[in-house]
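*Asks:* I'd like to ask you about the structure that follows.
Any read-out appearing in this document is the output of simple, stated calculations on the displayed coordinates, not a laboratory observation. Just so it is clear, the structure is predicted and the values come from calculations on it, not from any experiment. So basically every Cβ, Gly included, is an ideal-geometry build from the backbone, and we count neighbours across all protein chains shown.
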Amino acid sequence: MAQESIVQEVLAKIPGGAAVEVKARQWVRERAVKEAEKNIRANGKLPRDFSEEEFEVCVADAEDDVWGDLQRKGVGGLLLLFGINTF
């Protein structure tokens, strides 16, 4: 999870970064669950058609995608999301 480590490095440099990291992880997880459900439905299935383990694999893949998007769009966007002004 290289994308995640970049975000962690930035948050470690910010006062109160640990609390922001927890919020970021929660936000990414929630977003990944929604994305996984959307992808499953796009393929003509329902989330309940998957076992817990299969669904978790889908969510883990979606989490990687969300972290990657954050990296591509910049950590500044994540900080902006949580209302942190570094200027």
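*Asks:* In terms of Cα to Cα distance under 20 Å, which lysines are near enough to Lys23, apart from those fewer than 8 places away along the same chain?
*Replies:* Once the sequence-local lysines are set aside, what remains near Lys23 is Lys13, Lys34, Lys73.
*Asks:* Around Ala32, with a cut-off of 11 angstrom between Cβ atoms, what is the net charge of the other residues, counting Lys and Arg +1 and Asp and Glu -1?
*Replies:* Numbers: positive: Arg25, Arg29, Arg31, Lys34, Lys38; negative: Glu30, Glu35, Glu37, Glu56, Asp61, Glu63, Asp64, Asp65, Asp69.
Taking every other residue near Ala32 into account, the sum is -4.
*Asks:* What list of ³J(HN,Hα) couplings, whole Hz, do you get for the stretch 42-48 from phi and the Karplus terms 6.51, -1.76, 1.60, once you set θ to phi - 60° and write x for glycine and proline?
*Replies:* 5, 9, x, 10, 10, x, 5
*Asks:* Count neighbours as other Cβ atoms within 10 Å of each site's Cβ, and list the trypsin sites (Lys or Arg not before Pro) in the stretch 21-75 that are DSSP loop with at most 11 such neighbours. All intermediate terms of the calculation are to be shown ahead of the outcome.
*Replies:* Numbers: sites: Lys23, Arg25, Arg29, Arg31, Lys34, Lys38, Arg41, Lys45, Arg48, Arg72, Lys73; in loops: Lys45.
Hits after loop and neighbour filter: Lys45.
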